[in-house]
Each structure stands twice: as C-alpha cells, then as structure tokens.
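Notes follow the structure.
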C-alpha cells in the first residue's frame with residue numbers, strides 16, 4: 001500500500017493540471033483579497049463627512065416618500081422598513097471576525113472548485129488514456145488501488161485548500177492590521193472555525209470529484225452532471241418551499257446542509273395558511289451537528305458506491 | 001518459483017463471456033505450455049482480447065476456470081501477477097509523462113528499484129527518447145516502451161495482444177525477433193494475432209479460435225502435419241485433366257487457375273499426378289506440393305467445424321470436457 005501511495009503522490013504532483021490549477025487558485029486568491037480590500041475598506045474621514053451630508057440631504061425626500069407610502073394604504077412599520085437607514089451611508093469598520101469569515105468563504109469556493117477539477121481529472125485521465133488497465137495488470141488488487149488513489153486525491157485537495165486559505169487569510173491579516181491595528185487581530189474564533197470547516201469541504205470536494213469521475217469513467221461527464229444536479233436542486237428547493245405540506249423536506253437537500261456546515265447553521269422559512277386564513281411563517285433550521293452527520297453519511301455512501309463500482313468495473 | 005512445477009503457464013477451461021446477448025467467448029479452452037512462443041490466433045472479434053482481459057482480471061468471466069502457473073485466477077491473481085507481464089491491445093500510458101516517468105511510476109507502485117527503469121529502457125533501445133513525452137512516440141516506440149514495462153518485473157510469462165498492429169515491416173520484424181529472443185531466454189510468450197501466417201514464423205505452439213471457441217490447439221508442426229498437403233497442378237485443358245484425376249479416385253478442386261489434387265486417405269505423390277495426366281497426353285506446366293499454413297488450416301477448420309476434422313490433430317487440453 002505504501003508503494004502505491006508513493007507512486008500516486010508522485011503522479012499527483014507531476015501532473016501539469018495540478019500546477020495549472022494551483023497557479024490559477026493562487027491568482028484567484030490574490031484577486032479575492034484585492035476585492036475584499038475594496039469592499040471592506042473603512043471609510044476615510046472625508047468619505048464619512050460626504051456620506052453624512054448625503055444622508056442629511058435625502059431626509060426631506062424620505063419623509064415625503066414615507067407619507068406617500070402610508071397614503072397608499074401600507075402600514076407605517078412596513079413603510080419605514082423601505083426607507084434608507086444611516087448605516088447605508090456610514091458603515092462601521094469591519095471586524096477581524098467578519099474579514100476572516102469572508103476570506104474563508106471566498107478561499108473555500110476557489111479551492112473547492114479547483115480540488116473538484118484536479119481530483120476528477122486525476123482518475124479521469126487514467127480512464128481516458130487507458131493507463132488504468134496497464135496499472136491493474138501490475139497491481140490487480142483493486143481495493144488498495146482505489147484506496148491509494150482516493151487517499152492521494154484527499155491529500156492533494158488538502159494541500160490545495162491549505163495553500164489557498166493561507167494566502168487569503170494572510171492577505172486579510174495584513175489588511176486587518178492596516179485597518180484595525182495589531183490589536184484588532186483578535187476575537188475571530190468563530191471565523192477560524194469556519195476556515196477549518198471550509199478546509200474540510202475542500203477536501204470533501206476533491207473526494208467527491210474523484211468519486212464522480214471514477215463512477216462515470218471520465219472527467220468531463222461528472223462535472224457537467226454536477227452542474228445539472230445544482231440546477232435540479234435549485235428547482236427542487238424552490239418547489240418544496242412553495243408547497244407547505246412537503247416544505248420540511250428542504251432540510252434534507254444537500255446544498256442547504258452544506259451551507260449549514262460551512263456557516264455553522266442555516267435557516268429558511270416558508271408560509272403556511274392557518275385555519276383563520278392568515279399566513280403563518282414557519283422557520284426551518286439546520287444545526288451544525290445535523291449537517292455534519294448528513295454530509296458524512298452522504299460522503300460515505302458515495303465512496304462506498306464508487307468503491308463497489310470500481311472493484312466490479314470491466315476495464316478496457 | 002511455481003508451487004505447481006508441472007503446471008502449464010496458462011490453462012483455460014470452458015471459458016464463457018457474454019455482452020448482453022452477444023457471446024464473445026464460448027466454452028474456450030487453451031493450454032499454454034511453459035517456455036516457448038504460443039500463438040493465440042483467430043480473426044478480429046473472435047474473442048482473443050476478451051480472453052486475455054479475463055485472464056488478467058480486467059474483466060469477469062461468466063463461466064469457466066483459468067489458471068496462471070497452476071494458480072486459479074482471478075482469485076489468486078495478486079499472488080502470480082509479478083510473474084506475468086502483459087500488453088493488452090495498444091500500449092497505454094500517460095500521454096504527457098515521459099517514457100521514463102511512466103515506467104518509474106509503475107516501478108514505484110510494485111516496489112521495483114528505479115535503477116531497473118534505465119536497464120529495461122536500454123534493453124529495448126529506447127534510452128535516447130526516454131525523456132520525451134509518451135504522446136510524441138511513434139507506434140513502434142510505444143510498443144517498445146510497453147515491452148520495457150513488461151520487463152520491469154522480469155516476468156516468466158509475457159502476454160502480447162496483437163503487438164504488431166500498426167507497425168511497419170521493420171517494426172514487425174523487430175518485434176518478432178524480440179518475442180523469439182524472450183522465448184529463447186527461457187520465458188513463455190503468449191502472443192495473440194489475427195495474422196496467422198505471421199505468428200506461424202515464430203510460434204512453437206498455437207491455439208486457434210473462431211467465434212469465441214477453440215478450433216484447434218497444439219504444436220504448429222503437428223497441426224500442419226496432421227493432414228495431407230494437396231498437389232497443385234497447372235495444365236492447359238483443366239476440365240479434361242480434372243476428369244482424368246477424378247476417374248483415378250482423387251479429389252480435385254479448381255483454385256486460382258490451377259487444380260488442387262488431394263486424397264482423403266493420405267498424401268498424393270506428385271509423380272502419380274504427373275503419370276496419370278501424361279498417359280492421357282495432358283502435359284503439365286506446373287506441379288508443386290502446396291504446403292499448408294495456419295491460415296489455410298484455419299479456413300479449413302471454420303468451413304467444417306472442429307468436430308468434423310478428425311484428421312487435423314484436433315487436440316483438447318487435459319481436463320477439458
């Protein structure tokens with residue numbers, strides 16, 4: 001097994017696609033930090049003064065809009081919600097916690113996509129070139145062959161995830177130090193937990209891509225299929241939300257559980273018609289523990305099915 | 001060494017494989033003796049590659065038993081795989097990796113010292129291009145790299161599936177020499193081909209299959225000696241000559257402007273043909289004994305079916321039904 005692992009590690013890090021995706025991910029990570037620096041940069045005193053002026057200027061017209069809204073038969077409470085607030089003009093400076101979370105989200109998305117593609121291509125290339133048949137005539141025990149390839153896909157994805165997260169969080173630490181001072185680089189425990197969870201998702205993405213490619217015997221087909229699944233999930237989610245009787249099934253959709261895992265929890269709501277005829281809002285919530293269990297089970301099933309298929313597959 | 005010293009290199013009995021309703025291999029039986037070149041012959045689509053794939057565990061058989069060096073496969077394939085080197089159909093490696101890199105990965109995977117990679121590349125004369133990407137190799141170079149890959153393990157049995165497909169005459173000649181020299185060095189070489197005459201030149205023993213079934217098997221010399229060779233005769237008045245020979249109890253059939261003369265009970269002496277025709281004033285312009293080759297044997301077998309050819313040394317391996 002260790003020989004197989006060494007050979008697969010050697011192959012993973014010798015592939016051009018790996019280096020190309022790593023470079024692309026690094027470039028995207030840099031862009032992502034740049035984008036965060038633009039969006040979350042604290043306002044300068046001059047900008048704050050101008051924003052205050054703008055806020056004051058719209059007050060009279062806002063009062064007029066409020067009156068018109070009420071005159072149209074809406075409640076005063078609803079109408080006030082539609083008016084701009086002062087925070088729309090003068091933002092509070094970002095906290096380090098916010099920046100770490102935004103960075104985790106951004107780095108996670110980049111690394112997830114890159115890991116999915118590299119890992120899918122890692123096994124897909126073997127089917128495409130036919131070299132899997134050659135490999136199996138040297139090592140016919142398929143379970144260790146599968147395990148070594150899957151393990152390397154996991155390790156490679158982890159490396160990719162760590163590099164991208166390290167770059168983004170490094171950039172964010174520099175930004176935060178500049179904006180908030182060295183003392184501001186604290187109090188981001190939940191953000192760091194989110195970084196850890198997105199790293200796990202990156203690894204899961206790699207394993208998922210590997211499994212899809214191994215199941216279908218190609219790289220492109222599963223990626224295209226995955227896109228189709230996302231569209232279907234969006235449609236199913238929308239449909240479930242509009243049918244109150246089955247709306248609770250929303251918590252069983254994988255994308256919602258993935259969001260719950262990444263963000264620590266996830267919630268949505270739907271409306272149910274009460275006997276009185278009024279609509280009652282029902283809140284659905286997925287907690288971190290439930291999402292973790294759900295995703296772990298889903299991944300285990302996918303790996304088990306792929307292994308079963310791999311061991312029974314007729315290789316041409 | 002083998003736990004079964006008396007066992008042949010390969011023994012297959014009653015092998016069957018179907019793809020939905022298509023029967024690819026049907027009750028196939030084959031024995032490959034230790035050492036020498038064994039030809040596994042049959043036309044395209046006769047089930048040769050499918051059989052080899054099943055033998056190597058790449059496909060599952062529906063029925064039948066297979067053994068490598070006496071060990072049942074695929075059950076005990078991992079135990080004997082290091083004694084077997086194989087190229088199934090075309091050599092298949094990673095296109096973007098160099099020949100050396102491809103072999104290094106294989107060597108690493110089976111714990112063969114990396115130093116052996118250079119040695120086998122040298123052995124097949126590929127050292128100069130070892131650093132080039134596999135995708136840039138000519139077909140002949142790809143074949144040589146595949147042979148080098150099989151030699152990494154220093155195997156006792158080498159399996160080559162249609163190894164000369166796409167090679168130029170020089171490449172075919174080189175490959176034949178390679179196979180012969182491997183066999184002469186004490187290895188067993190199993191080579192499948194649809195070009196029967198080509199393998200006849202190097203094979204010691206053969207198995208001939210058609211439509212997934214074994215048609216004949218045994219030493220090449222025995223198979224070809226099993227039946228009488230027809231006498232080919234060219235005369236001006238072929239119709240009258242045929243009538244004269246038939247009247248003398250000989251079988252005659254026209255073939256490409258000549259007559260092929262044979263007798264069910266044995267060899268026809270050319271002198272007898274010459275005398276019979278000469279006595280009738282029919283003068284022969286060509287007279288030769290047509291030595292049969294595996295291709296003709298195959299055509300004869302497929303025309304009549306194996307069980308109807310008792311004179312063709314129809315051989316079934318031990319243990320076969």
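The values are calculated or read from the model by the stated rules, or taken from the named source; none is laboratory data. Note that this is a predicted model, so its numbers are computed, not measured. Don't worry about glycine lacking a Cβ; one is built from the backbone with ideal geometry, like all the others, and counts go over all protein chains shown.
Descriptive notes on the structure:
- The set of residues in region B:9-25 that are in contact with a strand residue (DSSP E or B) (Cβ under 7 Å, 6 or more places away or on another chain) and part of a loop (DSSP other than H, G, I, E, B) contains only B:9.
- Condition met for residue A:36 (within 22 Å of residue A:95 (Cβ to Cβ) and more than 32 Å from the chain's Cα centre (by Cα)): no
- Boolean, residue B:41 is without any contact (Cβ under 8 Å) to a residue 40 or more places away in the chain, assigned by the TED database to the domain that holds residue B:90 and buried (at least 18 other Cβ atoms within 10 Å of the Cβ): no
- Taken over region B:17-34, the criterion of being under 23 Å from residue B:157 (Cα atoms) and away from chain A (no Cβ under 14 Å) is satisfied by B:28, B:29, B:30, B:31, B:32, B:33, B:34.
- Helices (runs of 4 or more DSSP H) fully within region A:1-97 that include at least 3 residues being within 30 Å of residue A:138 (Cβ to Cβ): A:2-14, A:16-39.
- Of all residues in region A:1-23, those that are out of contact with any helix residue (DSSP H, G or I) (no Cβ under 6 Å at 6 or more places or on another chain), more than 12 Å from every other protein chain (Cβ to nearest Cβ) and surrounded by 15 or more Cβ atoms within 10 Å (Cβ to Cβ) total 1.
- Matching helices (runs of 4 or more DSSP H) fully within region B:35-142 where at least 3 residues are at the interface with chain A (Cβ under 8 Å from one of its Cβ atoms) and modelled with pLDDT of 90 or more: B:99-109
- Any chance residue A:49 is surrounded by 15 or more Cβ atoms within 10 Å (Cβ to Cβ) and at pLDDT 80 or above: no
- Qualifying residue in region B:232-253 (condition: touching a helix residue (DSSP H, G or I) at 6+ places or on another chain (Cβ under 9 Å), loosely packed, with under 12 Cβ neighbours inside 10 Å and assigned to a loop (DSSP other than H, G, I, E, B)): no
- Of everything listed in (1) without any contact (Cβ under 8 Å) to a residue 60 or more places away in the chain; (2) surrounded by 14 or more Cβ atoms within 10 Å (Cβ to Cβ); (3) closer than 30 Å to residue A:311 by Cα, the single unmet condition for residue A:256 is (3).
- In the set (1) at pLDDT 95 or above; (2) crowded, with 24+ Cβ neighbours inside 10 Å; (3) more than 14 Å from chain B (Cβ to nearest Cβ), the condition left unmet by residue A:150 is number (2).
- Subset of region B:102-133 (residues that are buried (at least 20 other Cβ atoms within 10 Å of the Cβ) and without any contact (Cβ under 8 Å) to a residue 12 or more places away in the chain): B:105, B:108, B:109
- Among the residues making up region A:108-132, those that are within 14 Å of chain B (Cβ to nearest Cβ), touching a residue at least 24 places away in the same chain (Cβ under 8 Å) and surrounded by fewer than 21 Cβ atoms within 10 Å (Cβ to Cβ) are A:125, A:127, A:128, A:130.
- Given (1) exposed (fewer than 13 other Cβ atoms within 10 Å of the Cβ); (2) more than 29 Å from residue A:305 (Cα to Cα); (3) touching a strand residue (DSSP E or B) at 6+ places or on another chain (Cβ under 9 Å), index of the condition residue A:276 fails: (3)
- Residue A:76 vs. criteria closer than 29 Å to residue A:201 by Cβ and either surrounded by fewer than 12 Cβ atoms within 10 Å (Cβ to Cβ) or touching a helix residue (DSSP H, G or I) at 6+ places or on another chain (Cβ under 8 Å) (or both): no
- Which listed residue, of A:145, A:139, A:164, is part of a helix (DSSP H, G or I), within 14 Å of chain B (Cβ to nearest Cβ) and in contact (Cβ under 8 Å) with a residue 40 or more places away in the chain: A:145
- Screening A:283, A:246, A:231, A:301 for residues that are more than 14 Å from chain B (Cβ to nearest Cβ), exposed (fewer than 13 other Cβ atoms within 10 Å of the Cβ) and under 17 Å from the mean Cα position of the chain (by Cα) leaves exactly one candidate, A:231.
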